[in-house]
1. Which condition does E112 not pass, out of (1) within 29 Å of L31 (Cβ to Cβ); (2) open to solvent by 20 Å² or more (accessible area, probe 1.4 Å), if it passes all the others?
2. Kindly establish whether G64 is closer than 20 Å to T136 by Cα and among the small types (G, A, S).
3. I'm checking my understanding of the structure. Among residues of region 66-80 that are more than 20 Å from T14 (Cα to Cα) and crowded, with 16+ Cβ neighbours inside 10 Å, which one is modelled with the highest pLDDT?
4. Would you please list the contacts, defined by Cβ atoms under 9 Å and residues six or more apart or on different chains, that run from a residue in region 144-159 that is small (G, A, S) to a residue that is open to solvent by less than 40 Å² (accessible area, probe 1.4 Å)?
5. Given the conditions (1) farther than 19 Å from T39 by Cβ; (2) touching a Ser or Thr at 6+ places or on another chain (Cβ under 9 Å), and given that T147 satisfies all but one, which numbered condition is not satisfied?
6. List the pairs whose first member sits in region 1-13 and is aromatic (F, W, Y), whose second member is surrounded by 11 or more Cβ atoms within 10 Å (Cβ to Cβ), and whose Cβ atoms are under 6 Å apart, counting only residues at least 6 apart or on separate chains?
7. Restricting to region 51-86, give me the number of residues that are within 16 Å of V17 (Cβ to Cβ) and touching a helix residue (DSSP H, G or I) at 6+ places or on another chain (Cβ under 7 Å).
Amino acid sequence: ALDAFGVEFIEVTTPMVSKQTQADIRLLTGLGLKAKFLTHVRCHMEDVQRAVDTGVDGLDLLFGTSSFLREFSHGKNISQIIDAAGEVIGWIKDNHPQIQIRFSAEDTFRSEENDLMAVYKAVSDMGVHRVGLADTVGVATPRQVYTLVREVRKVIHAECGIEFHGHND
């Protein structure tokens with residue numbers, strides 16, 4: 001029904017959840033729909049390779065950029081995040097150039113603006129199609145979203161889109 005309605009992109013969960021989830025995504029991508037299927041994965045090679053194997057058309061690469069996630073989730077600093085993103089994005093572009101790539105700074109609105117601008121500029125320079133601003137804990141006000149979109153637009157390439165993911169927690 002979504003495809004018949006004309007939905008361009010359908011986002012599905014990560015295939016890292018389970019073997020059943022992987023099978024379900026393969027089933028969906030094999031239906032021959034006009035809609036493109038996107039999945040969310042950590043910006044890790046294993047996650048990306050598993051996702052690509054399901055036949056999805058696009059990936060949303062997630063990487064925590066707030067000081068909270070950097071300390072408690074993965075322990076990487078901003079330059080290490082950029083280096084890791086470069087390895088993964090480069091592999092996708094070299095091996096699966098047809099895949100749409102979105103890079104989302106997880107916990108965007110609790111991240112330092114200078115850190116975000118460095119990451120978004122770097123991934124835009126790497127050729128991602130879109131960047132994602134994620135307010136997964138519901139802390140951003142509409143004015144904060146507007147202001148951040150305006151600032152991100154200044155550091156990414158004109159052809160790079162911006163998407164917003166928000167919660168009303």
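1. Checking E112 against (1) within 29 Å of L31 (Cβ to Cβ); (2) open to solvent by 20 Å² or more (accessible area, probe 1.4 Å), the one that fails is (1).
2. So G64 fits the description; yes.
3. I78
4. So the pair list comes out empty.
5. Answer for T147: the failing condition is (2).
6. Close Cβ pairs (under 6 Å, with a partner that is surrounded by 11 or more Cβ atoms within 10 Å (Cβ to Cβ)) amount to F9/K36; F9/L38.
7. Of the residues in region 51-86, 3 are within 16 Å of V17 (Cβ to Cβ) and touching a helix residue (DSSP H, G or I) at 6+ places or on another chain (Cβ under 7 Å).
The values are calculated or read from the model by the stated rules, or taken from the named source; none is laboratory data. Bear in mind the structure is a predicted one, so any value in this text is a computation, not a measurement. Using ideal geometry, Cβ is built from the backbone for each residue, glycine included, and neighbour counts are taken over all protein chains shown. Heavy atoms of the whole protein, side chains included, go into the accessibility calculation; ligands, DNA and RNA do not. Shrake-Rupley method; radii C 1.70, N 1.55, O 1.52, S 1.80 Å.
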